[in-house]
Every structure is written in structure tokens, then in C-alpha cells.
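The values are calculated or read from the model by the stated rules, or taken from the named source; none is laboratory data. Predicted model, so just to flag it, every value in this text is computed and none were measured. When we count neighbours, we look across all protein chains shown, and the Cβ atoms used for this are built from the backbone with ideal geometry, even at glycine.
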């Protein structure tokens, strides 16, 4: 029996992945964050925002929270994030 562990921090060969130098700077970026209202998502985004601010220079976060995980993102919420350079959507639990 073979056990495979999928770890997004490792390459297929098991080596630690590193961001390319050009991708390391998000200096001044605006990041949208869509919270699906599951337990843990808000805490995860808080932690991620701290890292992205301190280590990558992200300037601002636009955060939205869906009423619950079963509903799609509303057009209004997406419109509120139209100024973002990137949008992250996450699930917690």
C-alpha cells in the first residue's frame, strides 16, 4: 500500500516550493477576501492578511462575508471588490 500526502508547500518530488523572486513582492497591492461564513475562515483570513502585509507589502484588504456557505457570492459583493488586484475565496471548518 502506498500512502501519498498532498502538501501544497512541497513539489511533486517533496522539495519545498519557493516563490520566484518577481512574485515575492505584492507591495501596494489590494487583495479582496471572500469569507464563506464557515467556522475558521475569518481567523484564517486574519492570519493570512497579517503575513501578506508584513512579508509581502500588501497595502489593503477588501473583505466580504457571504450569509452562508451554500449561497453564491452576490453581484454587489463582487462589485465592492472591483478595485482589488486579486481576490481570495476560502472555506473554513
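Show the residue pairs that are 6+ apart or on different chains and have beta-carbon atoms under 9 Å apart, the first residue being within region 40-53 and at positive phi, the second being surrounded by fewer than 10 Cβ atoms within 10 Å (Cβ to Cβ) and at pLDDT below 90.
Filtered contacts from region 40-53: 40/93.
Go through the residues of region 23-43 one by one and say whether even a single one is loosely packed, with under 12 Cβ neighbours inside 10 Å, assigned to a helix (DSSP H, G or I), at pLDDT below 65 and under 16 Å from the mean Cα position of the chain (by Cα).
Yes, region 23-43 contains a residue that is loosely packed, with under 12 Cβ neighbours inside 10 Å, assigned to a helix (DSSP H, G or I), at pLDDT below 65 and under 16 Å from the mean Cα position of the chain (by Cα).
Of all residues in region 75-93, count the ones that are within 13 Å of residue 35 (Cβ to Cβ), assigned to a loop (DSSP other than H, G, I, E, B) and either at pLDDT 90 or above or over 13 Å from the mean Cα position of the chain (by Cα) (or both).
Qualifying residue count, region 75-93: 2.
Does residue 61 fit the bill of being at pLDDT 90 or above, surrounded by 13 or more Cβ atoms within 10 Å (Cβ to Cβ) and in contact with a helix residue (DSSP H, G or I) (Cβ under 9 Å, 6 or more places away or on another chain)?
Yes, satisfied.
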